[in-house]
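Structure record follows, encoded as structure tokens.
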Amino acid sequence: MRSSNHLIRAIPALIFLSLVACSTAPTLTGSWHDESFTGKFHNVLVVGISAKQTPRRLYEDTLVNSLHAKGIEATALYKIRTGDDVPDKAMIEAVLKEQSFDAVITTRVIGRDKETQYVPGTVQPPPYYRGMYSYVDTVYPAVYTPGYLVNDTIISLESNGYDASSAKLVWSITTEHFNPSDLDKEVNDLATLIINQLEKSGLI
């Protein structure tokens with residue numbers, strides 16, 4: 001009986017830890033495509049706009065590899081402009097003058113929010129029994145699990161596609177990433193979503 005009580009008291013903590021550690025695939029929150037643009041992306045410059053070099057390079061490499069898998073030429077900006085400088089207009093313009101890209105895809109963080117939500121407690125009755133008297137005796141000592149707080153982190157990203165020759169925006173999506181905890185998985189999921197949306201828009 002004592003060990004059962006310890007287990008019951010541990011349930012809320014276990015649930016809390018599992019929810020805090022849980023991350024989900026990115027959610028598409030917005031999308032736009034300039035339908036007057038009839039071209040396609042054949043040779044793409046991939047740009048992660050971030051001062052954090054590790055996630056930036058991982059993103060650029062992952063999306064480049066995903067585009068290659070679709071038969072699209074693509075290059076990561078960090079491999080052309082080495083160093084820790086944050087990509088800016090001058091850097092991208094210089095690269096486009098030097099090399100013959102027909103499209104640029106950029107991604108940047110546009111929001112970082114923390115939310116706390118209260119998960120109400122629940123009553124957990126023991127197993128149901130067929131007989132009325134045994135049922136009444138069984139459900140009487142129902143176990144109550146108290147409520148608890150869950151802290152969530154939501155990262156919002158914006159990914160844009162530009163026609164390199166005119167520098168015109170022709171495609172854009174926004175995504176939300178809920179409780180990101182595995183950078184490799186998050187970046188791979190984002191690249192998959194970007195590829196799917198580019199295909200739906202007919203750009204690749």
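Just to check I understand the Karplus step: with θ = phi - 60° and J = 6.51 cos²θ - 1.76 cosθ + 1.60, what whole-Hz values come out for the stretch 47-52, glycine and proline as x?
Values, residue by residue: 10, x, 8, 7, 7, 8 Hz.
Rounded to the nearest 0.05, what FRET efficiency do ASP182 and THR122 give with R0 = 30 Å and r taken as the Cβ-Cβ distance? Could you check?
Step by step, r from the Cβ atoms, then E = 0.55.
Under the 0.36 nm per residue contour assumption, what length would be gained going from the current alpha-carbon distance of LEU149 and ARG57 to full extension?
My answer for the length gained is 29.6 nm.
Would you mind checking which residues have amide H under 5 Å from SER31's amide H? H placed 1.01 Å from N; only 5 or more apart, or other chain.
For SER31, whose amide H was placed from the backbone, the distant partners under 5 Å are THR174.
In nm, to one decimal, how far is the LYS168 label point from the THR38 one, both placed 7 Å along Cα→Cβ?
Each label point is offset 7 Å from its Cα along the Cβ direction, giving 1.2 nm.
Tally Lys/Arg at +1 and Asp/Glu at -1 over every other residue whose Cβ is under 13 Å from the Cβ of SER181; what's the total?
That sum, taken over residues with Cβ under 13 Å, equals -4.
Over 25 Å between Cα atoms: which of LYS52/LYS89; LYS52/LYS168; LYS89/LYS185; LYS79/LYS200 fall into that group?
Listed pairs above 25 Å: LYS52/LYS168; LYS89/LYS185; LYS79/LYS200.
Quick note: the coordinates plus some simple rules give every number you see, no bench work behind them. Quick caveat: nothing in here was measured; it's all calculated off a predicted structure. Neighbour counts are summed over all protein chains in view; Cβ atoms, including those assigned to glycine, are modelled from backbone coordinates with ideal geometry.
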